[in-house]
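Visitor: Okay, here's the structure, questions in a sec.
All of the numbers you see were taken from the coordinates with simple rules; none came from a lab. On a predicted model such as this, the values are computed, not experimentally measured, just so you know. Cβ placement follows ideal geometry from the backbone for every residue including glycine, while neighbour counts extend to all protein chains displayed.
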Amino acid sequence: MPAPNNVRRIAPLLEGALTCAGDSLSRLVSEVFSPLETDIATQSLAEFTTLLGKEDQPVVVILLEVHGDLYGFLAIIVAPQFAEYLTERLIGDNSSPDMAQSALGELGNIVGSAFLNYVADSFDCVAAPTPPQVVHDMAGALLSSLGVHVASTPDDDIPVIYTSFSNKEKAFTANLLWLPQESS
Amino acid sequence: MSNSIGLGEYRVGHPGMDEWTMHGLGSCIGLIIACRKTYISAAAHIVLPMNPSAQEQNSGQPARYGREAVPFLINEMKEKRSAEDLFAIMVGGARMFQFTMVDDIGRRNIEELRGSLHRAGVPIVAEDVGGRKGRTLRWNPTTGMAVVTVVGTEERELTPVSEQFINVVTE
């Protein structure tokens, strides 16, 4: 069970899980998405809040809270234009905000489950994600709110497993964050 | 030019200084306290309602915590002979996500600051708090104008006309 202190020791396994998530995204949108970079690090709350660059840039976050033996938060973060593109690829229509929200939630379920199942199977443990929340807002507002919940105190470092995927033309990038927590 | 105030940071300043900005306020709160007599103002980017380490009365990072930030900022203003006839503006305290196992920190931040400002006798003349949207707050120490921006909407002026720094002669 990857508690924060053990994250570095299980780096190869996590990279396998992230690759699995990337493959899942590629299959879902029928377009190859390859990992650009993967980082396993601990970050201060201030660093975490600016992880994606400018704090007031708009982004779409698909968040899964994960319970069971494998406790933590999994977030898929994309630019709004990429969210629109994904929605079109998934349901062929962007006209209904509810449908778009639902489609992005389903994408979070499928890509997130690919990551979680890989890790859970490797440890023979249970990962039970909550239904996805899809939120469109400022990157800093979303990451700081998530970071404050994840860190026990604002001085704590936040363990972050981060990767980004991009399509061939590098026109679109999807960021995947796994924030492992100690089981309660 | 604009000066960013990061999580847990603060500023104290006077007319003539560059604008201050608190980007991407989610559950955090951007607090402004200003003096009607001297036009000295102070700002803090507050993260949590109080220091989670209950044993520590003084965290050493007073701008991070709502309970410590108000007396701390007033004390800083007192050193500039500007601790009378104050008013406050606060922005933020949203609930960006619904978590299953933790409190609504945004709401707790709002409640703590309202209580703390009330105890200090500082009226809140404008606020944009709560809800589900992130905000960016800009404060102009020269004009006394607070402006709030939400994704997908026009920016909005918060400071009531009666509280703006009119007729201030800058250095």
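Visitor: Among the numbered criteria (1) surrounded by fewer than 20 Cβ atoms within 10 Å (Cβ to Cβ); (2) within 14 Å of chain A (Cβ to nearest Cβ), which single criterion is violated by B:N109?
Guide: That leaves (1) as the condition not met.
Visitor: Suppose we filter B:R119, B:R132, B:R114, B:R138 for residues that are in contact with a Lys or Arg (Cβ under 7 Å, 6 or more places away or on another chain) and among the basic types (K, R); which single one remains?
Guide: Answer to the selection: B:R132.
Visitor: Still on this structure, please answer the following. Residue pairs, Cβ under 8 Å, 6 or more apart or interchain, first in region B:113-134 and more than 14 Å from chain A (Cβ to nearest Cβ), second exposed (fewer than 15 other Cβ atoms within 10 Å of the Cβ) and assigned to a loop (DSSP other than H, G, I, E, B). List them.
Guide: Partner pairs satisfying both residue conditions: B:L117/B:P123; B:V125/B:P160; B:A126/B:P160.
Visitor: Every residue in region A:51-70 that is within 11 Å of another protein chain (Cβ to nearest Cβ), part of a strand (DSSP E or B) and of a type outside the set (A, V, I, L, M), please.
Guide: Selection gives A:P58, A:E65, A:H67.
Visitor: Moving to a separate point now. Quickly run through region A:104-161 and pick out the residues that are surrounded by 15 or more Cβ atoms within 10 Å (Cβ to Cβ), more than 11 Å from every other protein chain (Cβ to nearest Cβ) and hydroxyl-bearing (S, T, Y).
Guide: Matches in region A:104-161: A:S113, A:Y118.
Visitor: Just the residues that are of a type in the set (K, R) and farther than 14 Å from B:L31 by Cα, please, taken from region B:75-122.
Guide: B:K78, B:K80, B:R81, B:R95, B:R107, B:R108, B:R119
Visitor: Related question: Return the residue satisfying two criteria in turn: it lies in region B:68-98 and is out of contact with any Asp or Glu (no Cβ under 6 Å at 6 or more places or on another chain) and within 14 Å of chain A (Cβ to nearest Cβ), and of such residues it is surrounded by the fewest Cβ atoms within 10 Å (Cβ to Cβ).
Guide: This residue is B:Q98.
Visitor: Right, here's the next one. Could you list all residues from region B:84-127 that are under 30 Å from A:H67 (Cα atoms), in a loop (DSSP other than H, G, I, E, B) and over 13 Å from the mean Cα position of the chain (by Cα)?
Guide: If the condition is that a residue be under 30 Å from A:H67 (Cα atoms), in a loop (DSSP other than H, G, I, E, B) and over 13 Å from the mean Cα position of the chain (by Cα), then B:A94, B:R95, B:M96, B:F97, B:Q98, B:F99, B:T100, B:M101, B:V102, B:D103, B:D104 are the ones that fit.
Visitor: Okay, moving on. Can you confirm whether B:V70 is closer than 23 Å to B:Q164 by Cα, under 12 Å from the mean Cα position of the chain (by Cα) and in a helix (DSSP H, G or I)?
Guide: yes
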